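Scroll down for the structure; my scribbles are underneath it.
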Amino acid sequence: MKPTLFILAAGMGSRYGGLKQLDGVGPSGETIMDYSVFDAIRAGFGKIVFVIRHDFEQDFREKVLSKYSSHIPVEVCFQSVDALPEGFKCPEGRTKPWGTNHAVLMAKNIIKEPFAVINADDFYGRNGFEVLAEDLSKLDGKTGDYCMVGYRVGNTLSESGTVNRGVCTKDSSNCLTDVVERINIGRNAEGKIVYPDGDKEVELDKNTPVSMNMWGFTTDYFEYSEAYFVDFLKESLNKDKSEFYIPVVVNDLIKKGKAKVRVLDTTATWFGVTYNDDRPMVVAKLAELVKKGEYPSPLFSK
């Protein structure tokens, strides 16, 4: 059974305000999401599922799904703040989404096979999808057997400023033991990759794996997430900015021995629009990849 790709596109806008997910950055007006779908198809994924907001449905179907539907099966589910378990009611005035893991839960009745989760506005590169699809293709029928693509931190930096990354720790079997968010990672005057820790700098090897929110799960993850979400709401329902994140659930499952997460190495370079000044860089990199023959232009022919 081929794995499914689940794309977090709920808000249809950049997390950073610099690049909207439907903005064209490729030579023929392609979006970053177009490249992810294209890479997923050639890596062997069998279906694409998008999570969006209800109010974007018409535009999304006309501008996005129409491009892909003749190349791969596509489905849509919806994230809304009032999609809560029985016994819970969304606080009046809440408009902020409940976070990435809540978005994943919206697909529990659609996805029946091992699946990957990615952000819509991140460029992950061909090899990232290849290693993820290969691993997921071996997981059908298994439970508690997950994976994530660990990007080498040196392949994820911005030329416009520092970045925040989930730095991963692995055991001797290349399984994830912890993800710690490190802020303001960048290169110092000597070209070393560092982040601040109090009044000192901590150096990271360029090959240190970091999480770029490219996960692989078996379907039992939905059951775990439902239970964790209830606990989350008991604690945080009335906190205006509270969000239910994927790494929080994954870390707890690992620590309680309920799941293992293989860290898959990739040679791919990640990029996105962390800063407004990154947009010309994204346009230039995609144009160069097309010039080298990595991608056709346009990506999808009707």
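In table form, for the structure just shown:
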read-out: Gain in span if fully extended, Asn207 to Ser242, counting 0.36 nm per residue against the direct Cα distance; value: 9.4 nm
read-out: Hz values of 3J(HN,Hα) by residue in the range 190-195 - Karplus curve (6.51, -1.76, 1.60), Gly and Pro given as x; value: 8, x, 7, 8, 9, 9
read-out: Where Asp199, Asp34, Asp240, Asp231 fall by accessible area, highest first, once all protein chains stay in place (1.4 Å); value: Asp199, Asp240, Asp231, Asp34
read-out: The range 238-279: C-alpha gyration tensor shape, a/c 1.5 cut-off, then a/b vs b/c; value: oblate
read-out: Residue-count net charge about Ser236 - beta-carbon cut-off 13 Å; Lys, Arg +1, Asp, Glu -1; value: +1
read-out: Rg/Rh for the chain, where both radii come from Cα atoms and Rh is the Kirkwood radius; value: 0.95
read-out: Two-decimal log10 I(q)/I(0) for the range 180-302, as the Debye equation yields it once each C-alpha is a single scatterer, q = 0.12, 0.15, 0.19 Å⁻¹; value: -0.79, -1.07, -1.20
read-out: Within a Gaussian network of the chain (alpha carbon springs, distance under 10 Å), most fluctuating of Phe123, Phe229, Phe88; value: Phe88
read-out: Rounded to the nearest 10 Å², the accessible area of Ile72 at probe 1.4 Å; value: 10 Å²
read-out: Rounded to the nearest 10 Å², the accessible area of Arg94 at probe 1.4 Å; value: 30 Å²
read-out: Shape category assigned to the range 1-145 from the gyration tensor of Cα positions, a/c cut at 1.5; value: oblate
read-out: Cα centroid separation - the range 170-188 against the range 45-66, whole Å; value: 33 Å
read-out: Pairwise centroid distance, computed over Cα atoms, of the range 259-295 with the range 218-234, Å; value: 31 Å
read-out: Charge dipole (debye, nearest 20) of the range 1-131; +1 at Cβ of Lys and Arg, -1 at Cβ of Asp and Glu; value: 200 debye
read-out: Summed residue charge, Cβ within 9 Å of Asp39's Cβ, Lys/Arg positive, Asp/Glu negative; value: +1
read-out: Heavy-atom surface of the range 186-301, accessible at 1.4 Å and reported per residue (Å²); value: 54 Å²
read-out: Residue-normalised accessible area of the range 24-171, expressed per residue, 1.4 Å probe, Å²; value: 40 Å²
read-out: Tensor-based shape of the range 87-183 (alpha-carbon gyration tensor, a/c under 1.5 rounded, otherwise prolate or oblate); value: oblate
read-out: Positive dipole terminus of the chain, leading residue within Tyr151, Gly166, Val74 (C-beta point charges); value: Val74
read-out: Dipole-positive endmost among Phe115, Met214, Ser297 within the chain (Cβ charges, Cα centre); value: Ser297
read-out: With every protein chain in place, the range 185-224: carbon and sulfur % of accessible area (1.4 Å); value: 41 percent
read-out: Most positive-pole-ward Cα, Ala268, Tyr245, Leu233, against dipole of the range 169-281 from beta carbon charges; value: Ala268
read-out: Heavy-atom SASA rank of Arg187, Arg279 (probe 1.4 Å, accessible area, largest first); value: Arg187, Arg279
read-out: Heavy-atom SASA rank of Phe56, Phe222 (probe 1.4 Å, accessible area, largest first); value: Phe56, Phe222
read-out: Solvent-accessible surface (1.4 angstrom probe) belonging to Arg53, in square angstrom, nearest 10; value: 90 Å²
read-out: Given charges at beta-carbon only (K, R positive; D, E negative), |dipole| of the chain in Debye; value: 380 debye
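The values are calculated or read from the model by the stated rules, or taken from the named source; none is laboratory data. From a predicted model like this one, the values you see are computed outputs, not experimental measurements. Glycine gets a Cβ as well: all are built from the backbone with ideal geometry, and neighbour counts include every protein chain shown. Areas reflect the complete protein model, heavy atoms only, side chains present, ligands, DNA and RNA absent. Shrake-Rupley method; radii C 1.70, N 1.55, O 1.52, S 1.80 Å.
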